[in-house]
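Structure first, commentary second.
Please treat every number below as a calculation from the coordinates, not as lab data. Fair warning: this is a prediction, and the values are worked out from it, not measured in the lab. Heads up, the Cβs are rebuilt from the backbone with ideal geometry, glycines too, and the neighbour counts pull from every protein chain shown.
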Amino acid sequence: MDPDADKKNIDDTFNVMTIIILVAGAYIATNVDNLLLLVGWMLGRRESTLQIFAGHGLAAIAVLLAAFLLGLSAAALPTHYIGYLGVVPIVLGMSMLLQKIRGRTQVPIDSTPQALSVFAVATTLFANSTDTMLVFSPLFADSAVATDYVILAAYPVMAAVWFLLALFFSRHAARLRGLSAAAEW
């Protein structure tokens, strides 16, 4: 046995696990709002679970593709500026939090409940995922091709886990009353 080959295998495994943990953390940090949307739709019972799942899947693929393409296009930027892309979601989040604290919330024009189509679910989740695109784009821009493959594989797994978590929460909503209080923030 070659000790150097064993060390390389351990290093490679460690690197892959580190990337997966990074993807999971970034996904969780940027998709809590989408989790709450999914739970809300599931609790509303106007859409079938299959419609919500299909819309969520389409949105996840579209967000991943957009982030990947933005990451590739970052090659046109000087590399020392790419890290500043991560500031954008922080500024957006702080701005939204300040608006919430000041009491400036949007009131829906029509409050009549309506069922959403798969496309409407996907569009809503995609539009709500700007922060996810802005976090994952620098990851793609600043990583090696092998790392990109790991990100591309781990992201859909996280999206599936997120849907299953939303399904769990919606099925156990009576026990999770604090979720509705936290959902506003």
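Seen from residue 117, the other residues with C-beta closer than 15 Å to its C-beta sum to a net charge of 0, counting Lys and Arg as +1 and Asp and Glu as -1. Between residue 173 and residue 142, the contour length at 0.36 nm per residue exceeds the alpha carbon distance by 7.2 nm.
Excluding residue 71 itself, what net charge comes from residues whose Cβ is under 12 Å from its Cβ, given Lys and Arg +1 and Asp and Glu -1?
On the way: positive: none; negative: 142, 148.
Once all neighbours under 12 Å are counted, the net charge is -2.
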